[in-house]
Structure formats: structure tokens, C-alpha cells
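The values are calculated or read from the model by the stated rules, or taken from the named source; none is laboratory data. Because the structure is predicted, anything quoted here is derived from the model rather than measured. SASA here: full protein model, heavy atoms, side chains in, ligands and nucleic acids out. Shrake-Rupley method; radii C 1.70, N 1.55, O 1.52, S 1.80 Å.
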Amino acid sequence: MSYVVRLGNKLSPAFRTSIGLLTGDVPSPGFWNFFASDMVIAAHLQDISMDGQVVNNLSHADDGAMWSGVQGLEVHLKDYVAYTSRKGMTVNAPKTKVMAFGPLPDPLPTFMLYGKPIAWTDTHQYLGVQFSSTKGGLFSTLYKAKEATARKTANVALTLEKYLGDLPPKEALQIYKARVAAHLTYGAELAVDASAAWVEPLEAVEKYFLRRILHVHKRCRMAILYTETGLLPLRYVRVMRALKYLRRLLDGKDSPVPRRALHVFQELWRRGESGWLGDIAIVLHRLGVGCEESWWLDLSTVQGVDNLLKACVKAAHDEIQRQVAGARLPLLLARTEVLSGRRAAYVVSGWRSYLEIAVPAHRVALTRFVTGSHALAVEAAKWVPVPESQSGPVPRHWRVCRMCGDDVEDEMHIFWGCAHPDLCRLRDVCLADVYGRYPALARGFIEPLQFWGLLWRHDDLIPCLGLFIYEALELVASYPMYVPDWYV
């Protein structure tokens, strides 16, 4: 076979190879399929039948899997070895394993390959997916393996800050989507999270990475990780992957074997037995998606699945909004942004332009201020060690401003209310810039929280706001936090 190498717009001279197809060559999979197209594993009475069709083996290039009963598998192994010998191939014996699903036979049978026994295992990987026959779930080891890989990848990505300095959130989010999320959602089309405990370790990796790129602490409200980045929580993303694959099967765009498997799962669900569709329904119920009475119809038609996908997005946004509303984050709730058509509205979740502020310290300060991850007394006093004489944290009305002592030291007090001279000078500089750009904002009285929301409609004001919040928080931090004497 003759080859030519292209580098840019230049072509190398043609050369020939005498060792067959090169590894990774584009034609390789097609030629392999052609080479192995005559492989037929004869049906056995113990073979599995799906929707009236015997399915006793799968092949993906040179990776194969066979299943049957004990006698059936012995026959299939003999036939497979005879076929590979005829084609000049050798089965990789050390990589060949036997698994048993369901009750184990007693005693365990011995399967032979080239005169040597095949090792038994309860965990094996096929095409990148780990299967388990004994560990509390078919995909239990897949969750553990992908959590470990995702965490390792996340840590490697985050070490870039050590060598390159600040890692801007926009670029960090691209790394997350390309390198980390790929592991967190791997196999989600089939590995449905019927148990919330299975997906929690994966969610922990997602939250860890998002917290690090936003520079917020461990005690932050988890909802802000999604309000500020525009991502959906992982448990919604994973079930949507399964729904999209179901839609593909219903639309007839996959091979016959998966579609036959779908018919089997539909029959299992009709009989009230566990299966893939039943697991999807369990997750939808747990997430509050759709209506239980209509799930059978929704999961049986393309239009129904499309409706469920939209309902997943809505349910995710509703859950994020519920958490934000219950977490005393008034700055998030008051923020309005200009949408298409120059219409301003509150947006539950989306990419926030302030995350692109060029000065890292200003960006981080504004992020923490908006999301309640700062060190103002309204938050920090919650974590003051509770003396034995007290039953809980410092009451909110006692978390007063350390600089003026006039009111609770919260976000709006620092932004607008505190009358400390140094803070007033910083505020006046910021307002002078705001009013210079948009004189209409200086006319008449605007309630402070409403004024805060109006600022977010103008992207060119965000760097100025970030500078003020950074300097204000630095000023506040130069004073010790007030803790009432009676509380200590």
C-alpha cells in the first residue's frame, strides 16, 4: 500500500509499507470489519434472546465479548478459537476473562483457552466501561473509576495556576468541559443514576473544580456554581444524556441490537421489573421532572423525550432558583441583565461577564461579594466558635459593622449604607465614574438594591464596580470583626 504524508500544504514523496495497515490509519476499522465479516457464532439453546433475536456476541474491531450459559459458552469458545485459527489470528489469553451475572454456579466451571484455564473475575472493562457482577450495581466500578480519573484530571488542570499565574474562569471552564466533564458523564447513556449515592462522588469533583476556578470557599452556597457559569448540575446533565440516547433509539438512528434491547426494557417496565427505562423514571421522579402519570408515553415517543429534555432544563433552573432564594443572596436576586432585543430581565443561570474582568483580584473580590463567599460579618460571624454558654452562632442583628457600628455588616451596607469616611471616598470615586458614563442614573432617588441591579445592565461599569468592591473589602478587612462581649 502506498502512503503520502501531508504537513500543512506540503506533501511528502509517496512511500510503500510492507507491514500492512499502519496503526491508527483511517481505513483500518473498515478493513478489519471486512476481514472479520464472515465470523458467525452459531446459536445455542442457552443463548440470550432479545426481541426474538439471538444475541450471543459483540465485536468492536478486535475487542469481542460473548455470553451464554455454561454449556453454550464452552461451545462458543471452541467455535471462536477454530475461526481465529483459520483466519491466522490468536486470541489474547491473558486478557480474556470470565464473569458470571446472577447466582454463581457451584462449583465454578472451568473454561479452557489453548489448553489453559480462563481466569474468573467480578470486574472487567470493555470498550472503556467497567462492569461489575458482585459490587452492588452493574456499573458501580465505573463510577469509582471515572471519579478517580476526573479528580486527577481536575487537579492537573488546576496546577496550571502554579506555573502560569491566574487561570481565567472562561478558559478554565473550557478545560472543564473538554477534559473533566467528559469523565464525569462517561457512560451516562447507560449508567443511569438510580441511586443518588452513586453520582455524589462525581458531583463532588464538579463542585470542587468550579469552586476553585471561581475562588469561593467550601462553605459557599452550591447553587452559585451554576448561577454564575451557566452550567446545569451534573445529575441533570447525566439523565439528559440517557434521554438523548433514548431519543436516538426511538428515532431509529442506531444499530438493530440496541433497538432490540430497548424493546426488552419496555417490556420489563410494563411488567414492573427493574431495567434501564425504569432507572430513568426513578431519576426523573427524584429530580421532579415531568409527570409520573405520563412517563410511559413520554419515554415511548420522540416528542415525549423532547418534552422531558426541556423539563429537565426547567427543573434544574427551578432548583437553582429555589436554593438562591432560600440562601439570603439578595445581590443575585436583584441583578438584571440585558437580553436580546434590549430587554432587561433576571437570568437564573448563565455566563456572567464580570468573570472576564482583567484584574484577577478585582474579579475574585466581586465574585465573592455577589455570591456571599466574603468575610463580612453577616457571613463570617456564622463560623465563630460557639462558646459553651451559647446555643448557636452570633445572632444576625448582632453582626454589626466593624467600622461604623450602625447596622448589620452585610453586602448592601458596604455597597451603599456605611458612612465610614474612608469607605465613602471609595464609593464616591466609583459613583463619579458611573454617573459620568450614565447621567440618567444620578437623577431622582433609586432604592439601593434596585440601583445595584441597574449597574449590571452595563458591561462597561463592571470593572469599575469590581475595583470598588475590592478596595472596600480590603478596607473592611483592615479592621477586626466585631463580636459582642456577651457572646465570648
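The share of accessible area on the stretch 41-149 that comes from carbon and sulfur is 58 percent, using a 1.4 angstrom probe. Arg219 contributes about 140 Å² of solvent-accessible surface, heavy atoms of the protein only, 1.4 Å probe.
In the context of the full set of protein chains, the chain has a per residue accessible area of 54 Å² (1.4 Å probe). What is the percent of Cα-Cα separations in the stretch 248-381 that go past 26 Å? Summing the P(r) tail past 26 Å for the stretch 248-381 gives 49 percent.
For the stretch 348-488, with all protein chains in place and a probe radius of 1.4 Å, 57% of the accessible heavy-atom surface sits on carbon or sulfur.
Measuring only protein heavy atoms, the 1.4 Å probe finds Asp318 accessible over about 80 Å². What the Kirkwood sum gives for the chain is a hydrodynamic radius of 27.8 Å, with every pair of different alpha carbons counted.
Non-local lysine pairs in the stretch 197-344, meaning eight or more places apart or on different chains, with alpha-carbon distances under 28 Å, amount to 10.
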